[in-house]
Amino acid sequence: MILVTKFRKPFIKHWLEADFHDFLKKELLKCGGNFIVINGTENHIHILYHHPITLSISHVAKQLKGSSSRWFNLHFEVGEKFQWQVGFSAFSVSQSQTDRVYHYIINQKSIHLRREVEKEIEALRRLNGC
């Protein structure tokens, strides 16, 4: 799953990233997801997880976005209100590709030194036939 900040604003600063990611992990577990990895940049995050069969992907995205926005705004002052962009991107990952996707997510910061998030999402969509 990929979540992007509203207007791609660089809200997720390095100094708060670990706490924010920890919160998102806990929220995912509350939804019944089996967390694998989370990483991103200042304006978006990638989450690799095993999705619970009892919930829709949109339900999990809504829960993560709503709870994390509230939590972020209560805990961090970054000059303006934190919000996520409308929508999300989600892709299924076969078991054989999990390790590849894991490393892709771990390397997000170095990937984005070379490529913008919009181009990354478009490449992922093409790769997945969307």
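The selection criterion, being without any contact (Cβ under 8 Å) to a residue 12 or more places away in the chain, out of contact with any helix residue (DSSP H, G or I) (no Cβ under 8 Å at 6 or more places or on another chain) and either more than 21 Å from GLY129 (Cβ to Cβ) or assigned to a helix (DSSP H, G or I) (or both), does not hold for GLY87. Screening region 59-78 for residues that are without any contact (Cβ under 8 Å) to a residue 12 or more places away in the chain and out of contact with any Phe, Trp or Tyr (no Cβ under 7 Å at 6 or more places or on another chain) and picking the one that is nearest to SER89 (Cα to Cα) gives LYS62. Residue check: is ILE36 closer than 14 Å to LEU3 by Cβ and either part of a helix (DSSP H, G or I) or touching a residue at least 24 places away in the same chain (Cβ under 8 Å) (or both)? Spelling it out, it is not the case that ILE36 is closer than 14 Å to LEU3 by Cβ and either part of a helix (DSSP H, G or I) or touching a residue at least 24 places away in the same chain (Cβ under 8 Å) (or both).
Mind listing whichever residues of region 59-118 are among the aromatic types (Phe, Trp, Tyr), modelled with pLDDT of 95 or more and surrounded by fewer than 17 Cβ atoms within 10 Å (Cβ to Cβ)? TYR102 - this is the single residue of region 59-118 that is among the aromatic types (Phe, Trp, Tyr), modelled with pLDDT of 95 or more and surrounded by fewer than 17 Cβ atoms within 10 Å (Cβ to Cβ). Kindly evaluate GLU42 against the criterion of being of a type in the set (Asp, Glu), touching a residue at least 12 places away in the same chain (Cβ under 8 Å), touching a strand residue (DSSP E or B) at 6+ places or on another chain (Cβ under 9 Å) and more than 18 Å from ASN128 (Cβ to Cβ). Against the criterion (of a type in the set (Asp, Glu), touching a residue at least 12 places away in the same chain (Cβ under 8 Å), touching a strand residue (DSSP E or B) at 6+ places or on another chain (Cβ under 9 Å) and more than 18 Å from ASN128 (Cβ to Cβ)), GLU42 qualifies. Criterion applied to PHE11, PHE7, PHE35, PHE20 was being exposed (fewer than 13 other Cβ atoms within 10 Å of the Cβ) and more than 20 Å from LEU127 (Cα to Cα), and the one residue passing it is PHE7.
The values are calculated or read from the model by the stated rules, or taken from the named source; none is laboratory data. Please read all numbers here as calculations on a predicted model, not as lab measurements. When we count neighbours, we look across all protein chains shown, and the Cβ atoms used for this are built from the backbone with ideal geometry, even at glycine.
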